[in-house]
Structure formats: structure tokens, C-alpha cells
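Right, one structure below, let's go through it.
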Amino acid sequence: MQGIADVIGPKLRVLFCGINPGLMSAETGHHFARPGNRFWPALHLSGFTPRQLKPEEQSELLGWRLGITNVVERPSAKAGELSKAELVAGGERLVAKVLEFAPEWLAVVGVTAYRDAFGERDAGMGLQEKRIGSTRVWVLPNPSGLNAHYTLPKLAAAFAELEHVS
């Protein structure tokens, strides 16, 4: 099973970055494809999109200057199956991608993955001091249904904070 293609292009307002594809995403070729994942509802409820997209409509994000990539390309059932070395290597690939496409914002969904990928052990949610070239970095909660700390309204509110500054 392989990773999935990025939804990316020049002049993006926000490049959202998942941790890695889940098994269903890898199977379908669509980001955040598992029905319990709250990325698509949070994206809409926060104001990034005028309607809730389905995973198979992911290419429509480019029309709103939004994109999606992942830190690690390898699919897994849970992000916890990834090694720290995979996350660090993924962070290096992500930096190269961000430098190439220069989105205004990189929004990493998952603070633990961000900390591991970028060696930022004390990073929290929201705006980060780190920049990648001219790209500002924001950390969002993981929208996986396994992240019980964030209800959909709390997740949408976290996404809305970024939407208001981007």
C-alpha cells in the first residue's frame, strides 16, 4: 500500500499537513477518508470552505487556495505506529515541499507529530515561532476520531482561529 498524492499548487493560502495517511485514505487515494475523521466537517464549520466537501472532492480545495499533504507518506492504521525517525525524515521532506511551493501558512494537524518531526519539544497549539522560508506555521489538533480531547465544535473553533488570521 502506498501513500496518496498531495493536493498542492502554487500560491496556496494554507497547506494542511496530516500526520500520515490512514489505511482507508491509502485505499481510496483521498485524504482524511475515514468516516470518523473530522477534518472535512471542521474545515467547513471553521469557514475555510462554503460547504462540507467529501474526501473525493479534495481537488476542489485548490480553488480556495488550500492544499493537503502529509508528514509521512507511509499509511498506517494509527499514527502511533510511526517511528520518530520516520517523522524526522518526513519533516525534512515537508520543509523541502514548503520551500518549493511557499504557501502562506503550513497547518500541521497533530501537535505530537509536529514536535517529533521538527524537534520542537515544547510546541503547543496555534501559531509557532518557526517559519519555513516565508511560510508561517500553525499547529492544529489532530482531527482523527481517536482524538477524544477535541469535540467537533472545539476542533472547528481551533481551525477557525487559523482561518481568521490567514
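The values are calculated or read from the model by the stated rules, or taken from the named source; none is laboratory data. Because the structure is predicted, anything quoted here is derived from the model rather than measured. Cβ atoms come from the backbone with ideal geometry, glycine included; neighbour counts cover every protein chain shown. Side chains included, ligands, DNA and RNA excluded: accessible areas come from the protein's heavy atoms. Shrake-Rupley method; radii C 1.70, N 1.55, O 1.52, S 1.80 Å.
If you roll a 1.4 Å probe over the chain with all protein chains in place, what percent of the accessible area is carbon or sulfur?
Carbon with sulfur: 52 percent of the solvent-accessible area.
Please list 42-51, 132-141, 13-22 highest first by mean number of surrounding beta-carbon atoms within 10 Å per residue.
13-22, 132-141, 42-51
For a label point 7 Å from the Cα of Ser83 along Cα→C-beta, name the residues of the range 96-113 whose backbone N is under 18 Å from it.
The answer is 113.
Counting only heavy atoms of protein chains, what accessible area per residue, in Å², does the chain have with a probe of 1.4 Å?
On a per-residue basis, 49 Å².
Kirkwood hydrodynamic radius (Cα pairs, Å) of the range 114-166? Can you show the working numbers first?
Numbers: mean 1/r = 0.0820 Å⁻¹.
In the range 114-166 this quantity evaluates to 12.2 Å.
Which of Lys97/Lys154; Lys84/Lys130; Lys11/Lys154; Lys54/Lys84; Lys54/Lys97 have a Cα-Cα distance over 23 Å?
Lys97/Lys154; Lys11/Lys154; Lys54/Lys84; Lys54/Lys97
Rounded to whole Å and sorted largest first, what semi-axes of the equivalent ellipsoid does the C-alpha gyration tensor of the chain yield via the square root of 5 times each eigenvalue?
The equivalent ellipsoid of the chain has semi-axes of 19, 19, 17 Å.
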